[in-house]
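Participant: There's a structure below that I have some questions on.
Every number in this text was worked out from the coordinates using simple rules, so none of it is lab data. From a predicted model like this one, the values you see are computed outputs, not experimental measurements. All Cβ positions, even for glycine, are placed from backbone atoms using ideal geometry, and neighbour counts span all protein chains on display.
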Amino acid sequence: MALTRGVLLAAMAATMSSAWGGATINMGDDKSVSVGFGLRESYTSAENAAPDGGRSNDFNLDSGRLFFGASLNKNIKGMFNTEWDGDKIRVLDAAGQFAISPELNIWAGRLLSPSDRANMAGPYYSLGGGYWAGVASRYGYNGGIFRGRDDGVVVWGNAGPGGKLGYSFGVFEGHTFGIGSLTQSQAKAAGIKADDALMYAGRAQYDFWDAEPGYYGTGNYLGGADILAIGVAGRYQKDGILTVGAVGKYSSYNVDFLLEKRIKGAGAFAIEAAWYDYDTDDIIKSEQGKAYSAGASYIFEQKAGWGKFQPFVRWQKFAADTNIDTKQFDAGVNYIIDGYNAQISAVYSKTKITSAADNDKFQIALQLQY
C-alpha cells in the first residue's frame, strides 16, 4: 500500500513526516511501522563537462532514500530516513514526533529547520521533481549536517480558522551552513574563541484558500488543490560564522509566495516567487547578498497515456556582495504518472555567472517512490 503525500502531510492532520512511500504494518491500538524507498535517476548532457572540454553524457543515480516510520500511539511517533550520498548510506532524518494537537506538535532530533517553501519541500516535492533551488534558496544547498539537516527541537502547528495559519519555531545546533564557516569542534581545535549560542529558526505562513497542514511542505500540488499562500522565514545565530580570521553572526530571512488554481475541465496553473536576504557579518561575502526566484507551470487535466503533461519555467538569481551574480533559467516539461510517486522530467537549464562562461545542460530524470 503506497503512502501518499497525504500521509506526509499527516493525513491532512498533524503528524507529517519526511517524504515516504511504502508499506505499513498495523499492530493495533494505533501502533504501526512503515517502510519505503525513493529514487531519482537521470541522464545529463552538460556543456564543457567532458574530459576534453566538450559536452558530457552521463547517467547517474542522483538520490536513493530509505524511509522508516513508527507509531507508538496516536500522540507519539518517529521517523528514521536515510540517503545514499554517492559513497555510503547516511542518516537523513531521525526524530521523535509528539502530536499534542493540530495546533501543537513537538519534534526533536535531526531534521530540516524552518526555512523557505523550496527547502521544506525538498527535491522530491518541488516543481519539476528533483528540483533543488540551489541558486536562490541556499539553506539546504549549502550545508547542514547532511542535505541541510540539523540537530535540534522544533515546535509547530496549524492554528486559526480552518488551520490556515501555519507556524514553526525551533532551536538548533547551527554552525553547519557549509559556506566556509567552521563547526564548533573545528573552531575549538583551531583555538578560536566564540559564544556557544544556538541557532534560532522560524517560519509563519498563511493560506488564503486551501489549508496546507503539516511541517514539511510541497512546492506544487500538481492540480490537486487551490493554493494562495504567503510565508516568511528567518534564521539567526550569534557567532554563527566561525573562521580563522574572524567570528560573526549569521542571519537570513525570506518571503515566499505560491498561487495555484484549478480550472475545471482544463487543468491548473501555478505561479511561485521568493525573495531572500543572507548576512554573514561581512565575513564570507560570497554567501552574503540577496536572491530572487520565480516560476510558473501548467498541468493539463486530460491524460496522455499513463499520465499528464506539465510544462514549466523557472528563473533564479543570487547577487553576492562580491559583485558576482549567479543566474539560472530552466524550461522543461514533466510527465506526471502518479503524483510525486512516479514522474519523468525533461529540463533545459542555462546558468550565467559574472565574468565566467555561460553553461547549459539538458537533463532527463526519472523519480519513483514506493
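Participant: Lys/Arg Cβ at +1, Asp/Glu Cβ at -1, dipole of the chain taken about the Cα centre: which of Q367, A95, T280 is farthest positive-ward?
Facilitator: Q367
Participant: If you don't mind, there's one more thing I want to ask. Given H placed on each backbone N at 1.01 Å, which residues far from E103 in sequence or on other chains put an amide H within less than 5 Å of it?
Facilitator: N158
Participant: Follow-up. Among I324, T44, A266, whose Cα sits farthest toward the positive end of the charge dipole of the chain (+1 at Cβ of Lys/Arg, -1 at Cβ of Asp/Glu, about the Cα centre)?
Facilitator: A266
Participant: Straight-line reach from K303: which lysines have a Cα under 26 Å away, not including same-chain ones fewer than 8 places off?
Facilitator: Of all the lysines, those that pass the test against K303 - Cα under 26 Å, at least 8 places apart if same chain - are K261, K264.
Participant: Which trypsin sites (Lys or Arg not before Pro) does region 254-345 hold that lie in a coil by DSSP with at most 13 other beta carbons within 10 Å?
Facilitator: K264, K303
Participant: Can you give the FRET efficiency for A357 and V153, using 1/(1 + (r/R0)^6), R0 = 45 Å, r = Cβ-Cβ distance, to the nearest 0.05?
Facilitator: 0.50
Participant: Another one. Which one, N119, N60, N81, has the greatest fluctuation when you compute a Gaussian network model over the chain with C-alpha springs under 10 angstrom?
Facilitator: In the Gaussian network model the winner is N60.
Participant: In the Gaussian network model of the chain, springs joining C-alpha atoms below 10 Å, which of K88, K188, K350 carries the largest mean-square fluctuation?
Facilitator: The residue that fluctuates most here is K88.
Participant: Quick one: Karplus J couplings for region 321-336, per residue in order, coefficients 6.51, -1.76, 1.60, θ = phi - 60°, nearest Hz, x for Gly and Pro?
Facilitator: Values per residue, Gly and Pro as x: 6, 7, 6, 10, 9, 10, 10, 9, 10, 10, 9, x, 9, 9, 10, 8 Hz.
Participant: Kindly provide the chymotrypsin sites (Phe, Trp or Tyr not before Pro) of region 258-322 that DSSP labels as loop, not H, G, I, E or B, and whose Cβ sees at most 12 other Cβ atoms within 10 Å.
Facilitator: W306
Participant: For region 349-356, what does the Karplus curve 6.51 cos²θ - 1.76 cosθ + 1.60, with θ = phi - 60°, yield as ³J(HN,Hα) per residue in whole Hz, taken in order and with x for Gly and Pro?
Facilitator: Values per residue, Gly and Pro as x: 10, 10, 10, 10, 10, 3, 6, 9 Hz.
Participant: What distance in nm separates the two pseudo spin-label positions at D226 and T183, each 7 Å out from Cα along the beta-carbon direction?
Facilitator: 4.9
Participant: So, one more: Evaluate the charge dipole of region 236-360 about its Cα centre and quote only its size in Debye, nearest 20, assuming +1 on the Cβ of each Lys and Arg and -1 on the Cβ of each Asp and Glu.
Facilitator: 540
Participant: Something else now. May I ask you to list the GluC sites (Glu not before Pro) in region 39-140 that are in a DSSP loop and have at most 16 other Cβ atoms within 10 Å of their Cβ?
Facilitator: Values: sites: E41, E47, E83, E103; in loops: E47, E103.
Those that pass, being in a loop and sparsely packed, are E103.
Participant: Say we join alpha carbon atoms closer than 10 Å with springs in a Gaussian network model of the chain; which of G28, G64, G170 then has the biggest fluctuation?
Facilitator: G28
Participant: Moving to a separate point now. Using the crude model of +1 on Lys and Arg Cβ and -1 on Asp and Glu Cβ, and no other charge, please compute the dipole size for region 45-163 relative to its Cα centre, in debye to 20.
Facilitator: On the way: 11 positive and 12 negative charges, 82 e Å.
Dipole magnitude for region 45-163 comes out near 400 debye.
Participant: Moving on. Treating only the Cβ atoms of Lys and Arg (+1) and Asp and Glu (-1) as charged, compute the dipole magnitude of the chain about its Cα centre; round to the nearest 20 debye.
Facilitator: Values: 34 positive and 38 negative charges, 82 e Å.
Dipole magnitude for the chain comes out near 400 debye.
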